[in-house]
1. Kindly indicate the residue of region 96-132 that is within 10 Å of the ligand (Cβ to nearest atom) and assigned to a loop (DSSP other than H, G, I, E, B) and also modelled with the lowest pLDDT among those meeting that condition.
2. Restricting attention to region 180-207, which residues are farther than 29 Å from residue 162 by Cα, crowded, with 19+ Cβ neighbours inside 10 Å and at pLDDT 90 or above?
3. For residue 284, all conditions in the list (1) away from the ligand (no atom under 15 Å from the Cβ); (2) without any contact (Cβ under 8 Å) to a residue 24 or more places away in the chain hold save one; what is the number of the exception?
4. Considering only residues that are without any contact (Cβ under 8 Å) to a residue 60 or more places away in the chain and either away from the ligand (no atom under 12 Å from the Cβ) or surrounded by fewer than 17 Cβ atoms within 10 Å (Cβ to Cβ) (or both), which ones fall in region 133-142?
5. Tell me which of these residue 171 doesn't satisfy, since it passes every other one: (1) more than 24 Å from residue 120 (Cα to Cα); (2) in contact with a helix residue (DSSP H, G or I) (Cβ under 9 Å, 6 or more places away or on another chain); (3) away from the ligand (no atom under 14 Å from the Cβ).
6. Residues in region 135-152: is at least one assigned to a loop (DSSP other than H, G, I, E, B), touching a strand residue (DSSP E or B) at 6+ places or on another chain (Cβ under 9 Å) and within 21 Å of residue 253 (Cβ to Cβ)?
Ligand code: AMP
């Protein structure tokens, strides 16, 4: 894949390289495309127009423009769980940079081979590589009504790159009336966070996330849905957790502060039961989604 440069000139170059890049995208994982139940053709020139789902769910489900949503929070805050719920609610894809990177590693693409050791140590992958993956993913047709970014941005450079990318790709191209993301910051008590991470188990087959303390499977270590043996993610192992939390403190907190200074952050108490956290997040997005359609937000920035 072509690397996207983070400085201003590089951004324009990245944008013009778009077509070339999407061809190479087939190397890049069918993963999230397949996951998303979202339709593949939605013109954003028609912001605010009511669009309907396909025959099966045609009932009364209306697909609306949601725009970009960024979920911020330390590892274990519930970003993955909440993203999946938002995805199901609005039919917009979850774009998890952690999942995309892990898929590259699993498929042993050149990028996967490059970043394998970095992931295993719990360190951050270089900005330009992650931005490149995100650019490719956000250009897929199922992301045209909006998307949830989970695990991105994680550095100030990534945040600045994202603003420029959204402005250029979605606003100036006339697809969206506004482009600034709604930034949801999920806050969780540190000790609860440790329990969440050390207790996390994932089904390698359908991706269901369990927690042996708070949301255990019916049978120990076995997925309720398909009977597969649950796994502990490599980077959830004790020795890696401290590094990930340190990295979060060091690098990602400034991202939250960057967004806070711009007045874009919505705080959500992640210590509440999962359903209540979801409810709070949906309420915030609903308010913002109207802003995107009306075009009253984000124009001046
Ligand atoms: P996650 O599943 O979001 O916790 O991400 C797992 C790992 O992928 C992290 O520990 C990093 O090594 C890498 N990673 C994910 N997202 C990013 C990002 N935005 N920037 C740099 N590295 C990332």
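The values are calculated or read from the model by the stated rules, or taken from the named source; none is laboratory data. This structure is a prediction, so every number in the text was calculated from the model and none was measured. Note that each Cβ is placed from the backbone with ideal geometry, even for glycine, and that neighbours are counted across all protein chains shown.
1. It comes out as 122.
2. Answer for region 180-207, where residues must be farther than 29 Å from residue 162 by Cα, crowded, with 19+ Cβ neighbours inside 10 Å and at pLDDT 90 or above: 201, 203.
3. All conditions pass for residue 284, except number (2).
4. Filtering region 133-142 for residues without any contact (Cβ under 8 Å) to a residue 60 or more places away in the chain gives 134, 138.
Of everything in region 133-142, just one residue is without any contact (Cβ under 8 Å) to a residue 60 or more places away in the chain and either away from the ligand (no atom under 12 Å from the Cβ) or surrounded by fewer than 17 Cβ atoms within 10 Å (Cβ to Cβ) (or both), namely 138.
5. That leaves (2) as the condition not met.
6. The answer is yes; a qualifying residue exists.
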